[in-house]
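Structure, as C-alpha cells:
The values are calculated or read from the model by the stated rules, or taken from the named source; none is laboratory data. All of these numbers come straight from a predicted model, not from anything done at the bench. Counting neighbours? That spans all protein chains shown, and the Cβs are built from the backbone with ideal geometry, glycine included. The protein model used for the area step is the full one, side chains on, heavy atoms only, and it has no ligands, DNA or RNA in it. Shrake-Rupley method; radii C 1.70, N 1.55, O 1.52, S 1.80 Å.
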Amino acid sequence: MITKELGDTGLVVTRVGLGLAALGRPGYINIGHDSDLAGRRSKAGLEEHSHSVLSAAYAAGIRYFDVARSYGNGEAFLGRWLLDGNAAEPVVVSSKWGYRYVADWRIDAEVHEIKDHTLDNLERQIEESRENLGPYLAVYQIHSATLDSGVLDDAAVLNRLTELRNAGLTVGLSTSGPQQAAAIRKAMAIERDGSLLFGTVQSTWNLLEPSAGSALADAHAAGLGVLIKESVANGRLTAREPATSSRLVNAVPGFSADAIAVAAVLAQPWVDGVIIGASTKEQLHSNLRALEIDADQVRDLPGFAENPDEYWARRSRLAWT
Ligand SMILES: NC(=O)c1ccc[n+]([C@@H]2O[C@H](COP(=O)([O-])OP(=O)(O)OC[C@H]3O[C@@H](n4cnc5c(N)ncnc54)[C@H](OP(=O)(O)O)[C@@H]3O)[C@@H](O)[C@H]2O)c1
C-alpha cells in the first residue's frame, strides 16, 4: 500500500490505518454497531473477531494501527495479535491515554469511559500500554485534548511527555469537538528543548465536518504528522444514511459512499494517513476502495458540510450499542 512520512517524526505510515475503537469493546457509538458485532461480543468472541479483521487489514497492506486505553481490551487484542507473529513486516502502532474504560464489558453501562488528563493517569496508562503493546508502541497521544481539559497547560504532564519523547516515543494528541482547531493551534505552539513537543495530531475531518482543515494544514506545514479519524462520520457517510449516500454515489459513480468519503480525506494534501474504523472485513474492503478513486474527483466535494456545533451535538446523541 502507498506510504507517507508521518510529518517530521521519522515514521512512515500506510495511507490507510485501522483503528480499534469499534473492535476492542462490546459497545460503541457507530451507527449499526450492534448488528455488525452480533453474537461476537464476549471477550473471547470479540478478540477472535478483531484478529480476523486485523489479519484482513494486514493482508490488504495496512501497516498502521491505532488504539487507546479506553477501547476496552483493544490494546491487549492488538498486542496478542502482534506477539502471535501475524505481522511479518514492520508496523506502526499508536495508542492514547486520557480516558479510562469503565463499562466493565457492558453495552448498557451508564458511562463507558471517563476523561482523566492528570499526571497520575498518564503514569498509570503508559505502564498499561507498554504492558499490552511492548516495543510496538511508537506513538502515544493525549486522548481528545480539549482547551477546557487544561491538559495543554499542565506543566507536569507536558514535562513527563517531554521525557517520553526524549526516550524515543513520538508524542501526539487527538482532538474532538467543535473547537478542534483551537486545540490544534495551541498544541502546535508548545516547544520543549528547542523543538515542537507534539509530533502528530489525530483529528476528525470528513465531508460533514471539515472545520479543522486549515488548522490541520498549518500543523502539517509546521512538521506535525496529520492523521484523520471518523472519515465516515461514525457511519453517517455510508449506505446506512441513504439520502447522503445517494448524493455521494451520484457525485462519483461506481463507488460506495464510504469509499468516496474516505477518498475525500486522502485527497487533502495535508493528510498523511486516514484511520478507518471498519468493524467487519466487508466494511474494511469497501473502505479500501477509496485508494482506487482519483483524488481530483473528490478533493472539493461541495454541499455536505454541517454546522460544527450541530455535527458534534448529533454525534454526542449517538447511542452506545
Ligand atoms: N478521540 C479520538 O481520539 C478518536 C475518536 C474516534 C475515533 N478515533 C480513531 O479513529 C478510528 C475510526 O473512527 P470511528 O470508527 O470512530 O469512525 P468512522 O471511521 O467514521 O466510522 C466507522 C464506522 O462506520 C461504519 N461503517 C464503515 N464502513 C461501512 C460500510 N461500508 N457500510 C456500513 N457501515 C460502515 C461502521 O460502523 P458500525 O460497525 O457500527 O456499523 C464503522 O465502525 C477509531 O477506530 C479510532 O482509532 C479516535
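Starting from the Cα of ASP294, step 7 Å along the direction of its Cβ; do the same at GLU123; then give the gap between the two resulting points in nm.
With each label placed 7 Å out from Cα toward Cβ, I get 5.8 nm.
Just subtract the alpha-carbon distance of ALA239 and GLU110 from 0.36 nm times their residue separation and send over the number in nm, one decimal.
Working: separation 129, 0.36 × 129 = 46.44 nm, distance 2.92 nm.
Going from the current span to full extension adds 43.5 nm.
With all protein chains present and a 1.4 Å probe, how do SER129, SER35 order by accessible area, largest first?
So the residues, ranked largest to smallest area, are SER35, SER129.
Rounded, prolate or oblate: which fits the chain, taking a ≥ b ≥ c as square roots of the Cα gyration tensor eigenvalues, rounded meaning a/c under 1.5, else prolate when a/b beats b/c? Numbers along the way, then the final one.
On the way: a/c = 1.36, a/b = 1.15, b/c = 1.19.
Cα axes put the chain in the rounded bin.
How would you order 167-174, 140-147 from highest to lowest mean count of nearby Cβ atoms within 10 Å?
Those peptides, ordered most packed to least, come out 140-147, 167-174.
Just name one of LEU54, ILE190, SER203: the one whose Cα is farthest towards the positive end of the charge dipole of the chain (beta-carbon charges, Lys/Arg +1, Asp/Glu -1).
Checking the options against the dipole of the chain, the answer is LEU54.
Toward the positive end of the charge dipole of the chain, about the Cα centre and with charges on Cβ (Lys, Arg +1; Asp, Glu -1), which of VAL157, SER42, ASN73 goes farthest?
Of VAL157, SER42, ASN73, it is SER42.
Could you tell me whether region 1-63 comes out rounded, prolate or oblate from its Cα gyration tensor? Rule is a ≥ b ≥ c as square roots of the eigenvalues, rounded for a/c under 1.5, then prolate if a/b exceeds b/c, otherwise oblate. It would help to have the intermediate numbers written out before the result.
On the way: a/c = 2.83, a/b = 2.17, b/c = 1.30.
The shape class here is prolate.
Could you please report the charge total around SER246, scoring K, R as +1 and D, E as -1 over all other residues with beta-carbon less than 15 angstrom from its beta-carbon? Could you put the intermediate results ahead of the total?
Working: positive: ARG236, ARG240, ARG247; negative: GLU241, ASP258.
Charge balance in the 15 Å sphere: +1.
Among the lysines, select those whose C-alpha is under 26 Å from the C-alpha of LYS4, and discard any that sit fewer than 8 residues away in the same chain.
Within reach: LYS96, LYS186, LYS229, LYS281.
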